[in-house]
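Novice: Below is one structure. I have some questions about it.
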Amino acid sequence: MTVEAPVRIPDAAVVRLLRPGDRVDVLATAPPDGHSASAGADTPADRARIVARNVRVAAVPAPDDATGPSGEETGALVVLSVSRPTAVRLAGAAAHSRLAVTLC
């Protein structure tokens, strides 16, 4: 069974490249301040991990006002069609990591 999981990706320009039906991997990396569960790794690349593999983009909602209170960009939303366990992993990763997508 699949569910639709909304995921905020910090790089709005990357989300604008996506279309419904695309397949993506979702990666979690240490946030810019370097604090994460895997912060003991040697380099930022060592701290990247795949959270969801080859998942389908269900929707790319129209951009909202994607700026925070100080005017910085806060990313863009993408809706992914994933299994329930993957949705749980995505939610956990989003709470503690910076998410990115790569096209498959």
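The values are calculated or read from the model by the stated rules, or taken from the named source; none is laboratory data. Predicted, not measured: the structure shown is a model, and the values here were computed from it. All Cβ positions, even for glycine, are placed from backbone atoms using ideal geometry, and neighbour counts span all protein chains on display.
Novice: Exactly one of (1) surrounded by 13 or more Cβ atoms within 10 Å (Cβ to Cβ); (2) at pLDDT below 95; (3) not β-branched (Val, Ile, Thr) is unmet by residue 77. Its number?
Specialist: In the conditions (1) surrounded by 13 or more Cβ atoms within 10 Å (Cβ to Cβ); (2) at pLDDT below 95; (3) not β-branched (Val, Ile, Thr), residue 77 misses (2) alone.
Novice: Just a yes or no: is a residue in segment 31-50 at negative phi, at pLDDT below 95, loosely packed, with under 12 Cβ neighbours inside 10 Å and among the hydroxyl-bearing types (Ser, Thr, Tyr)?
Specialist: Within segment 31-50 (the criterion being at negative phi, at pLDDT below 95, loosely packed, with under 12 Cβ neighbours inside 10 Å and among the hydroxyl-bearing types (Ser, Thr, Tyr)), the answer is yes, since at least one residue qualifies.
Novice: List the residue pairs whose Cβ atoms are under 7 Å apart, where the first residue sits in segment 90-104 and is at pLDDT 95 or above, the second is surrounded by fewer than 17 Cβ atoms within 10 Å (Cβ to Cβ) and part of a helix (DSSP H, G or I), and the two are 6 or more positions apart or on different chains.
Specialist: none
Novice: Continuing with the same structure: Return a yes/no flag: does segment 60-67 have any residue that is part of a strand (DSSP E or B) and either modelled with pLDDT under 95 or out of contact with any strand residue (DSSP E or B) (no Cβ under 9 Å at 6 or more places or on another chain) (or both).
Specialist: Looking through segment 60-67, at least one residue is part of a strand (DSSP E or B) and either modelled with pLDDT under 95 or out of contact with any strand residue (DSSP E or B) (no Cβ under 9 Å at 6 or more places or on another chain) (or both).
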